[in-house]
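The values are calculated or read from the model by the stated rules, or taken from the named source; none is laboratory data. Everything numeric here is computed off the predicted structure, so don't read it as measured data. Here the Cβ positions follow ideal geometry from the backbone for every residue, glycine too, while neighbour counts run over all protein chains shown. Only protein heavy atoms, including side chains, enter the accessible area calculation; ligands, DNA and RNA are left aside. Shrake-Rupley method; radii C 1.70, N 1.55, O 1.52, S 1.80 Å.
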Amino acid sequence: MAAQVKSGITLNSSPSEQELKALGVRSWPTWGCEASKFPWSYDSAETAYVLRGRVIVTPDGGEPVEVKAGDLVTFPKGMSCTWDVKEAIHKHYNFS
């Protein structure tokens, strides 16, 4: 399935292992948190690969986007949003 863009967020629900290897995802640092809700803004674009969990990311003035385990997602530089972590999340991430 090709990546979809919604509210400025690029979401690829089924990246291939080749895509992940080409990006070097497995060597990126990891981050995680328990179920919670908090505001966030991006000073740089972030690409993340979700290892486990589920979150609803709602950009200010935009539509909510669900991100879950197995998703490769890119958040644009300058975006402000609210993270509503529904299930404890653990992800690889890379800022560019």
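Just to be sure, is Ser96 among the hydroxyl-bearing types (Ser, Thr, Tyr), open to solvent by 30 Å² or more (accessible area, probe 1.4 Å) and at pLDDT 95 or above?
Here the answer is no, as Ser96 does not meet what is asked.
Filter the stretch 42-84 down to the residues that are surrounded by fewer than 12 Cβ atoms within 10 Å (Cβ to Cβ) and either closer than 14 Å to Thr10 by Cβ or touching a strand residue (DSSP E or B) at 6+ places or on another chain (Cβ under 7 Å) (or both) and list them by number.
Hits for the stretch 42-84 are Ser44, Asp60, Glu63.
Say whether the condition of being more than 21 Å from Ala2 (Cβ to Cβ), surrounded by 16 or more Cβ atoms within 10 Å (Cβ to Cβ) and in contact with a Pro (Cβ under 7 Å, 6 or more places away or on another chain) is met by at least one residue in the stretch 27-38.
no
Right, Leu20: open to solvent by less than 70 Å² (accessible area, probe 1.4 Å), touching a residue at least 40 places away in the same chain (Cβ under 8 Å) and under 12 Å from the mean Cα position of the chain (by Cα) or not?
Considered against the rule, which asks whether it is open to solvent by less than 70 Å² (accessible area, probe 1.4 Å), touching a residue at least 40 places away in the same chain (Cβ under 8 Å) and under 12 Å from the mean Cα position of the chain (by Cα), Leu20 comes out as no.
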